[in-house]
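The values are calculated or read from the model by the stated rules, or taken from the named source; none is laboratory data. All values derive from a computational prediction rather than experimental measurement. Cβ sites come from the backbone with ideal geometry, for glycine too, and all protein chains shown count toward neighbours. These area figures cover heavy atoms from the full protein model, side chains too; ligands, DNA and RNA do not enter into them. Shrake-Rupley method; radii C 1.70, N 1.55, O 1.52, S 1.80 Å.
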Amino acid sequence: MTTVIAILAFVAAIGILVTIHEYGHFIVARLLGIKVLRFSVGFGSPLIKWVMGRDRTEYIIAAVPLGGYVKMLDERETTVAPEELSRAFNRQPVWKKTLVVLAGPAFNFLFALLAYWITFVIGIPSVRPVIGPVAVNSAAAHAGLRNADEIISIDSKPTPNWEATALALLDGVVRGGRFNVVVEDESGQQRSLILELPQDKSLTEPGALMEGLGISRWQPPAVLGEIDPEGSAYAAGLLEGDRIVSVDSVEIAGLSDWLDRVRANPGKSLELGVIRGGEQLSVPVIPAVVQEDGVSIGRVGVRMHIDDAVRARLFINQRYGPLHAAGKAVLRTWEISTLTIKLLGRMLTGDVSLKNISGPIIIAQYAGITASFGFVYYVAFLAVISVSLGVLNLLPIPVLDGGHLLFFIAEAVKGSPVSSQTEMAGQRIGILLLVLLMTVAFYNDIVRLLE
């Protein structure tokens, strides 16, 4: 069922974002008096087709939902009646053609702004950046970070949650250098630290940043809440309020560690170290075998308990009024856009790992995960993908919008359009580059699935 959700969420995301992108091209072309022949969401055979408007524009929903296009009247593609030559795309001045091409990425950025505004108005629950045990001799340890510290800001940029913290740290690793970090301990005392962020390519690999800096997420204690009388925890004699401190004589870091150990050991006996009423007990339990997406996982039939004080320090709901949310949305869109550009630039110079390039498999996984979490998480996911789509389309690669802009710049300089031979050669190069990019993306997806 999770796979089905992922596929549906991915198709919906591509459909929404491609439609918005192509609508940008479409509406600006129409406003500038250029005739649009076709607006297609998807490629291949039309599933749904209708004709509307004075120009008898075809609107198509096609079979392959992995793209789309807007076809405009153009002498290079079809014969144009003399009375319509003024409405052909190729006859337009450079500034009009540039606006039409820029409109696609621009609408992606505008959608990201709207999506982030929605998430900030509704409120998006997230986890505060409270750190767990710090690795010895790590960058975090040398800076003076300690267990249970909350990261308040990095270089004066507020870090209300782990997402903002990761973005600030990744930006720091890309640039390299010394950064001021403000942290707050459990007692509420704040202190300012200097964190040395090495310009290390390995830290830019997916999932490597926090561990590489010696930072882990703080975990609340694994305290049992309501116990299912049909579950293996009840059968083992575990009680509400018991705190799990070890599994098979190995100390656990907290709640997430405990849940991971249970899931990873279906049907296997685990010896639990339990604190009950100030006394430590040893309790054996055998997690039940449960099938989840065709994979066997362990469950013991308990709800975990997090007390109110821990919950208040661990979780935050970023929610703002409409005007404040607008400012936050602009800032977040700008941060994601600039970081994406920096990462792409550093990839070209070899300073950032190519493993950051994700293909449709991983994107579909994230689509499914965020959709299963709820509407606001899925909207935030769409915002990130929309920014990425906008930035990527502005790359100076023929067949992308940025490639067309490159040709328009050449046209403005030389005073006439580039030759059809030059344009065709550019298209071939662009297709080759996109094939190479997709090959890397699929390779990364497959490697991550097999890890």
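The table that follows gives values for the structure above.
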read-out: Any hit, segment 316-326, residues being of a type in the set (A, V, I, L, M), under 24 Å from the mean Cα position of the chain (by Cα) and not in a strand (DSSP E or B); value: yes
read-out: Inter-residue pairs, beta-carbon under 6 Å, first part of a strand (DSSP E or B) and in segment 205-229, second modelled with pLDDT under 85, 6+ apart; value: none
read-out: Qualifying positions in segment 240-249 - open to solvent by 80 Å² or more (accessible area, probe 1.4 Å) and closer than 25 Å to L314 by Cα; value: E240, R243
read-out: Of all residues making up segment 203-223, the number that are open to solvent by 50 Å² or more (accessible area, probe 1.4 Å) and either within 21 Å of I336 (Cα to Cα) or in contact with a Phe, Trp or Tyr (Cβ under 6 Å, 6 or more places away or on another chain) (or both); value: 3
read-out: Residue match in segment 398-419 (condition: assigned to a helix (DSSP H, G or I) and more than 17 Å from V101 (Cα to Cα)); value: yes
read-out: Index of the failed condition, T3 passing every other in (1) open to solvent by 40 Å² or more (accessible area, probe 1.4 Å); (2) in contact with a Gly (Cβ under 8 Å, 6 or more places away or on another chain); (3) touching a residue at least 40 places away in the same chain (Cβ under 8 Å); (4) in a strand (DSSP E or B); value: (4)
read-out: For E83: the one exception among (1) touching a Pro at 6+ places or on another chain (Cβ under 9 Å); (2) open to solvent by 10 Å² or more (accessible area, probe 1.4 Å); value: (1)
read-out: Qualifying positions in segment 29-46 - touching a residue at least 24 places away in the same chain (Cβ under 8 Å) and either buried (at least 19 other Cβ atoms within 10 Å of the Cβ) or in a strand (DSSP E or B) (or both); value: A29, I34, K35, V36, L37, R38, F39, S40, V41, G42, F43
read-out: Candidate set: segment 342-380, residues that are in contact (Cβ under 8 Å) with a residue 24 or more places away in the chain and not in a helix (DSSP H, G or I); chosen: the one farthest from S202 (Cα to Cα); value: G359
read-out: Options V300, V285, V274; residue that is touching an Asp or Glu at 6+ places or on another chain (Cβ under 7 Å), touching a residue at least 24 places away in the same chain (Cβ under 8 Å) and buried (at least 19 other Cβ atoms within 10 Å of the Cβ); value: V274
